[in-house]
Amino acid sequence: MSKKTPTPSPRRQLRLYSFLANRRLPKSYLGKIMLVAFLGTHIPLLTLFCYAFSATNLDNDIKIRILLVALIATLVGTAITLFTLQRLLLPITLTAKSLRQYLEQNQLPELPSQFTDEVGILMADTLYTITKLDELIHQLKNYDNLTSLPNRSLFQTRLQNTFLKAQKEQKALAVMLLDLDGFANINTSLGSEQGDSLLRQVAQRLNSSVCEFDSIYRTGGDEFAVIHPQIDSIEALTLYAQQILNALAPKIHLKNNHNYLSGSMGIAISSEENKSPQELIAQAEVALRLAKQQGRNTYRFYSAEINEKMRRRFQLERDLHLALESNELELFYQPQIDVFTRKIIGAEALLRWRHPQYGFVSPEEFIPIAEASGLILPIGDWILYTACAQNQIWRSQGYPELCVAVNLSAKQFQERNLTDLVAKALSTTGLESHQLELEITESLLMEDVQKAIATLENLHQLGLMLALDDFGTGYSSLSYLKRFPIDFLKVDQSFVRGIPADRNDLAITRSVIALAQSLQMQVIAEGVETQAQVDYLTTQKCDRLQGYYFSRPLPAADFLKLLKKNLNQT
C-alpha cells in the first residue's frame, strides 16, 4: 500500500509570497506579481540576446539592429502580457477591496456571482459570506435573541423615522409601553429558564395582537413597546390598547402549572408639545408608572388634558368630512368701509363652522385640521363659489356693487388649475370679475417667488382684484413686491392695534401706506377697533377700513341689514 504524499504546510507554500511581502517595494500584491512577470520574461531574453550578440559573426551594426528590434518586440509583448495579467487579477483585488469596505464602512459589496472558475467561485463565496454575515450582524444588533422581536435599538431608530414623518404630514402617533405585572415573582419562583419560556409565549401573543402596520418591540427584561402611527380616534386607540392587554389574559402553561399574567400600559401621543421622540418615550414611561400605581392590568395616558385635546381634534377631523354635506359650514361677511364716504364698498368672506355638538368652532382650531387632512381644497372651492353666488344675489337685488374678498390657502394657491377654478366660479354665478378679491398671505408668495408671480399674473388677467394679506409680518422683500400684480395691501391688525399709542406701530403703518401709494396700490387696514385709529388712518389717506369698530363678521342676512342701514345714512 503506497504512502500518501504529505501536503505541504501553508507556511511552506507561502515562502515566496513571504519573501516578497517583506520587501519594501513594490508595496501592492499586484505590483509584486508584475515584477515577477517582468523579470521572468526579460532575464531569459536578455541572456539569449547577449549570447547571440557575442557568438555570431555578423557586423556590429546588424547585431545592434537585431537587438533593438528584439528588445522592442519584447517590451511590447511584455506590456501586453502585464496589462492582461493585471486585468485577470482584478477579481482578486476587487474581492479584497470589497471585503475591506464592508469591514471599515459596513458597505455590502457588488461582486458578480455567475462565473464558475476558481476566481469566480471566490467572488461568489465572498459575496454570499458577507451577505450572510451582514444579516447575522443585523439580527444580533436589532433583534432580541430570546424572543426574536425587534429590540430597543431598532425601536428607537424606527420611532425617530416615524416621528419625523408624522411631523411632516402633521399627523399624530402614539407610543405604547407595556410592562408585565408580577413577572419578577414568576421568574424567581420558577427559575430563569421558565421565565424565558414565559417571555417567548408573551412575545408570540403580543406579536399576533398588534395590527399589520405596527410591530411589537422588546425594550427590556419584561418591557415591550408599540409604535402606532395611524390614530383614527382616541376611542379606537383605547380599544387597541385593551386588545393588546387582553392578549395576555389566557392562562400560560409552565412546569405543568397554569399561570395567569397581566400587563400595564402607558400611552403618549405626539403633539405640538413633543419636541423629540425621546420626550415622547419619557411621557409614555410616566403614564406607565401611573398605570402601575393605579392597580395594574390597565392603561393610562400621559396627560388627560393633552389627550382630551387630541380626542377633540380627531373628532373634529372626522366631523369635518361631513360638515359640507350637512350644511354646517357658513360664510360670515365683515364689511370694508371707504375711509372718506364711510360707505360699505366691500366685505371679507370668513368661514364659520356651526358644529352640532360644540356650537361655533373657532377657525383657528379647524382650519389647520382642514389643511392637514386635505379637506381645505373642497372647502376652499365651496367658499369661492358661495361668496361669488352671494355677491351676485346682492347685485341682482339692486344693491351697489360690492367687492367680496376670499382668502386662499397655501394648498389652493399651489393648485395648477386654480385659475380655471376661479374662472368657473365667476362664469357659473355670473359675477363680474372685478367684484371678487382674492387675498394671499405674504409668506405664501415667498415660498416660490417665480411660480407665485406667474400664478398672480394668470389670476390678474381674469380681471379680479388681488390683495396681499398680513403685509409686514412675513418675509417682506420690496424687490419682489414691485413685481407682484397686487391691487391692495392689507395692514395687519397687529400693527393697527397699537395705534395711536405705540410709536413703532405708527411708523410701520405710515410706511406701509406710503409704500402702497408709491406702488399705486390701495391700502386696507384691518383690526380697526377705536375712533382714534379711524382718525389716524384717515389722516394718512388709507383707502379702506375693516374691523370691530364698524362691525363683527355677520351672517349674510345680518350683513344685508347692515348694508341697508349704511346706504340710508346720509
Would you confirm, using the coordinates I've provided, whether Arg313 is among the basic types (Lys, Arg), touching a helix residue (DSSP H, G or I) at 6+ places or on another chain (Cβ under 8 Å) and either in a helix (DSSP H, G or I) or at pLDDT below 95 (or both)? yes
In contact with a strand residue (DSSP E or B) (Cβ under 6 Å, 6 or more places away or on another chain) and touching a residue at least 12 places away in the same chain (Cβ under 8 Å) - does that describe any residue in segment 527-538? yes
Any residue at all in segment 486-494 that is among the acidic types (Asp, Glu), in a loop (DSSP other than H, G, I, E, B) and at pLDDT 90 or above? yes
For segment 221-232, how many residues are surrounded by fewer than 16 Cβ atoms within 10 Å (Cβ to Cβ) and either on the phi > 0 side of the Ramachandran plot or among the β-branched types (Val, Ile, Thr) (or both)? 0
Sort through Ser153, Ser113 and tell me the only one that's farther than 30 Å from Ala372 by Cβ, open to solvent by 20 Å² or more (accessible area, probe 1.4 Å), under 31 Å from the mean Cα position of the chain (by Cα) and polar (S, T, N, Q). Ser153
Got a sec? Which of Tyr358, Tyr302 is under 19 Å from Leu237 (Cα atoms) and not acidic (Asp, Glu)? Tyr302
Is it fair to say Gln461 is in contact with a strand residue (DSSP E or B) (Cβ under 6 Å, 6 or more places away or on another chain), open to solvent by 60 Å² or more (accessible area, probe 1.4 Å) and within 27 Å of Thr386 (Cβ to Cβ)? no
Matching option when the condition is modelled with pLDDT of 85 or more, outside any helix (DSSP H, G or I) and out of contact with any Ser or Thr (no Cβ under 7 Å at 6 or more places or on another chain), among Leu515, Leu462, Leu468: Leu468
Selection within segment 433-466 - of a type in the set (D, E, K, R) and within 21 Å of Met521 (Cβ to Cβ): Glu437, Glu439, Glu442, Glu457
Hey, does segment 179-186 have a residue that's open to solvent by 60 Å² or more (accessible area, probe 1.4 Å), part of a helix (DSSP H, G or I) and in contact with a Ser or Thr (Cβ under 9 Å, 6 or more places away or on another chain)? no
Can you tell me which residues in segment 156-174 are open to solvent by 20 Å² or more (accessible area, probe 1.4 Å) and among the aliphatic types (A, V, I, L, M)? Leu164
Report yes if Ala284 is touching a residue at least 24 places away in the same chain (Cβ under 8 Å) and open to solvent by less than 70 Å² (accessible area, probe 1.4 Å), otherwise no. yes
From Ser215, Ser233, Ser262, Ser271, residue being at pLDDT below 90 and touching a Phe, Trp or Tyr at 6+ places or on another chain (Cβ under 7 Å): Ser233
Cβ-Cβ under 6 Å, sequence separation 6+ or interchain: first residue in segment 198-220 and under 21 Å from Glu285 (Cβ atoms), partner among the charged types (D, E, K, R). Which pairs? Arg218/Asp144; Thr219/Arg152
Does Thr455 meet the test of being modelled with pLDDT of 80 or more, of a type outside the set (Lys, Arg), touching a Phe, Trp or Tyr at 6+ places or on another chain (Cβ under 8 Å) and within 22 Å of Thr386 (Cα to Cα)? no
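The values are calculated or read from the model by the stated rules, or taken from the named source; none is laboratory data. Remember, predicted model here, so these are calculated numbers, not experimental data. Every residue, glycine as well, gets a Cβ built from its backbone with ideal geometry; the counts of neighbours run over all protein chains shown. All accessible areas refer to the heavy atoms of the entire protein, side chains included, with ligands and DNA or RNA removed. Shrake-Rupley method; radii C 1.70, N 1.55, O 1.52, S 1.80 Å.
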